[in-house]
1. Only one of these is under 17 Å from the mean Cα position of the chain (by Cα) and at pLDDT below 95: PRO88, PRO127, PRO83. Name it.
2. For the structure I just gave you, tell me whether ARG87 is of a type in the set (Lys, Arg) and touching a residue at least 40 places away in the same chain (Cβ under 8 Å).
3. Do any strands (runs of 3 or more DSSP E) lying entirely in the stretch 1-105 carry at least 1 residues that are within 16 Å of ligand 1 (Cβ to nearest atom) and out of contact with any Cys (no Cβ under 9 Å at 6 or more places or on another chain), and which ones are they?
4. Take the stretch 89-137 and flag every residue that is within 20 Å of ALA157 (Cβ to Cβ) and among the polar types (S, T, N, Q).
5. Out of the residues in the stretch 189-226 meeting the condition of being within 14 Å of ligand 1 (Cβ to nearest atom) and of a type in the set (Gly, Ala, Ser), tell me which one is farthest from the chain's Cα centre (by Cα).
6. Please tell me if PHE224 is crowded, with 16+ Cβ neighbours inside 10 Å, of a type outside the set (Ser, Thr, Tyr) and in contact with a Leu (Cβ under 7 Å, 6 or more places away or on another chain).
7. May I ask you to list the residues in the stretch 52-72 that are over 15 Å from the mean Cα position of the chain (by Cα), more than 25 Å from ASN120 (Cβ to Cβ) and without any contact (Cβ under 8 Å) to a residue 40 or more places away in the chain?
8. Kindly evaluate ALA249 against the criterion of being of a type outside the set (S, T, N, Q), away from ligand 2 (no atom under 16 Å from the Cβ) and part of a loop (DSSP other than H, G, I, E, B).
Amino acid sequence: MRVLAIGDIVAEDGREFVYNNLNRIRDFYHIDFCIANGENAANTNGITADIANTLIARGVDVITMGNHTFANKEAEYVLEDNPNIIRPLNFPPEFEGVGVVVKDIGIARVGVINLIGRINMTPADCPFHAVERALKTIDADVIFVDMHAETTSERIAMAHFLDGKVSAVFGTHTHVQTADERILPGGTGFICDLGMTGVEDSVLGVKKEIILDFYYQAGKRFRFEKAEGEVFFHGCIFEVDPSTGKTTAVERLRFSSSHLPY
Ligand SMILES: [Fe+2]
Ligand SMILES: [Fe+2]
């Protein structure tokens, strides 16, 4: 089976691209299941009920989140109402929503786990122990982990920790795609960062002039605004054998709205 993971969908341009293209992307690449990070899908942080429902209607099977999960208050009931949107498992258990979902799509029971790192991030419980506990109870043929973290080392360490225990680990949050896609010795697919789906002529999807001010005039007021321009789609396809749960091929995707592969 072929599973597509889409990097952080940023703001209106990013989500409109997914709304309008995901069906064709799924057909062209023969995708059986699609996971997308939606923590920046609203302008430019968080998610709303309308956005979540539209992403799912247009072909996303599971939405993962990150440090911006609750940027919109609406997310609290979005997460309670829709189990197909998950937030980091190692957030406090009292927070709305869950960190794990299993969906039976006929050819396999697909598990998705969302974790958040602890280095240069808001405080959270240990993601390593949290996922270790979850794997003891999860009943799925294939398992995918979104490790939402700031540093490459924490994500790579998580991938090695889970090698042979899950089908694939992919990183999100830093919005810059890494070219290190591979299959680890135990059969777990990995990419350190999927990249973002949003306007590339920006700083991580935010209007570049605003971020220049943010650094050049550090300490003064600033307000993030979404960038406008050409959208780049970033993601990764994991080909997985449901009988073993192992990844057999990894294909990194990067293309722009003006150079579509289909
Ligand atoms: Fe993030
Ligand atoms: Fe993000």
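The values are calculated or read from the model by the stated rules, or taken from the named source; none is laboratory data. Just so we're clear, the structure is a prediction, and the values are computed from it rather than from any experiment. Positions of Cβ are backbone-derived with ideal geometry, glycine not excepted, and every protein chain shown enters the neighbour counts.
1. Of PRO88, PRO127, PRO83, the one residue that is under 17 Å from the mean Cα position of the chain (by Cα) and at pLDDT below 95 is PRO83.
2. Details: of a type in the set (Lys, Arg): yes; touching a residue at least 40 places away in the same chain (Cβ under 8 Å): no.
So ARG87 fails the test.
3. Qualifying strands (runs of 3 or more DSSP E): 33-37, 62-64.
4. ASN90, ASN114, ASN120, THR122
5. The residue in question is GLY205.
6. So PHE224 fails the test.
7. Our first condition is that a residue be over 15 Å from the mean Cα position of the chain (by Cα); within the stretch 52-72, this holds for 53-54, 57-58, 70-72.
Among the residues that remain, those that are also more than 25 Å from ASN120 (Cβ to Cβ) are: 53-54, 57-58.
ASN53, THR54, ALA57, listed by residue number.
8. The answer is no for ALA249.
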